[in-house]
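Heads up, the thing below is written out as structure tokens.
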Amino acid sequence: MASSSNPSSQEAAIRRQNKGPPYKFLVPLIYAPVLPLIRLSLRKNPVLRDRLFTIVLAGAFAHGFYLVSFQPPPTPPGAPNLHPSKQTLKQLSL
């Protein structure tokens with residue numbers, strides 16, 4: 001037998017889970033100013049400067065690749081959820 005709860009309450013439960021700021025999208029605000037600071041502060045040690053700059057830049061690209069490849073786009077309020085989570089699929093199958 002199908003679940004007795006209606007879809008609108010399930011959508012409300014999904015929206016309640018997504019309160020709070022999306023910290024994964026705020027990470028570039030941290031490492032973006034760090035890159036020029038690395039170049040300016042380590043002028044006297046070019047080997048360390050270049051290695052550290054390369055590591056931070058590679059981390060930035062890896063983070064961007066992760067966001068683009070593995071995260072579904074955020075769903076605007078009121079729009080249908082095209083990327084339901086596993087928990088949502090379990091609720092719908094009950």
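The values are calculated or read from the model by the stated rules, or taken from the named source; none is laboratory data. Keep in mind that what you see is a predicted model, and the values were worked out from it rather than measured. Cβ sites come from the backbone with ideal geometry, for glycine too, and all protein chains shown count toward neighbours.
May I ask you to verify whether residue 61 is at pLDDT 80 or above, touching a helix residue (DSSP H, G or I) at 6+ places or on another chain (Cβ under 8 Å) and not in a loop (DSSP other than H, G, I, E, B)?
no
Looking only at the stretch 3-14, decide whether some residue is under 18 Å from the mean Cα position of the chain (by Cα), modelled with pLDDT of 85 or more and surrounded by 10 or more Cβ atoms within 10 Å (Cβ to Cβ). No, because not a single residue in the stretch 3-14 is under 18 Å from the mean Cα position of the chain (by Cα), modelled with pLDDT of 85 or more and surrounded by 10 or more Cβ atoms within 10 Å (Cβ to Cβ).
Considering only the stretch 32-51, I want to know if a residue exists there that is assigned to a loop (DSSP other than H, G, I, E, B), hydrophobic (A, V, I, L, M, F, W, C), surrounded by 13 or more Cβ atoms within 10 Å (Cβ to Cβ) and modelled with pLDDT of 80 or more. Outline the logic, then answer.
From the stretch 32-51, those assigned to a loop (DSSP other than H, G, I, E, B) are 42-45; that's our starting set.
Still in the running and hydrophobic (A, V, I, L, M, F, W, C): 42.
So of that shortlist, the ones also surrounded by 13 or more Cβ atoms within 10 Å (Cβ to Cβ) come out as 42.
Still in the running and modelled with pLDDT of 80 or more: 42.
Yes, there is a match, as at least one residue in the stretch 32-51 is assigned to a loop (DSSP other than H, G, I, E, B), hydrophobic (A, V, I, L, M, F, W, C), surrounded by 13 or more Cβ atoms within 10 Å (Cβ to Cβ) and modelled with pLDDT of 80 or more.
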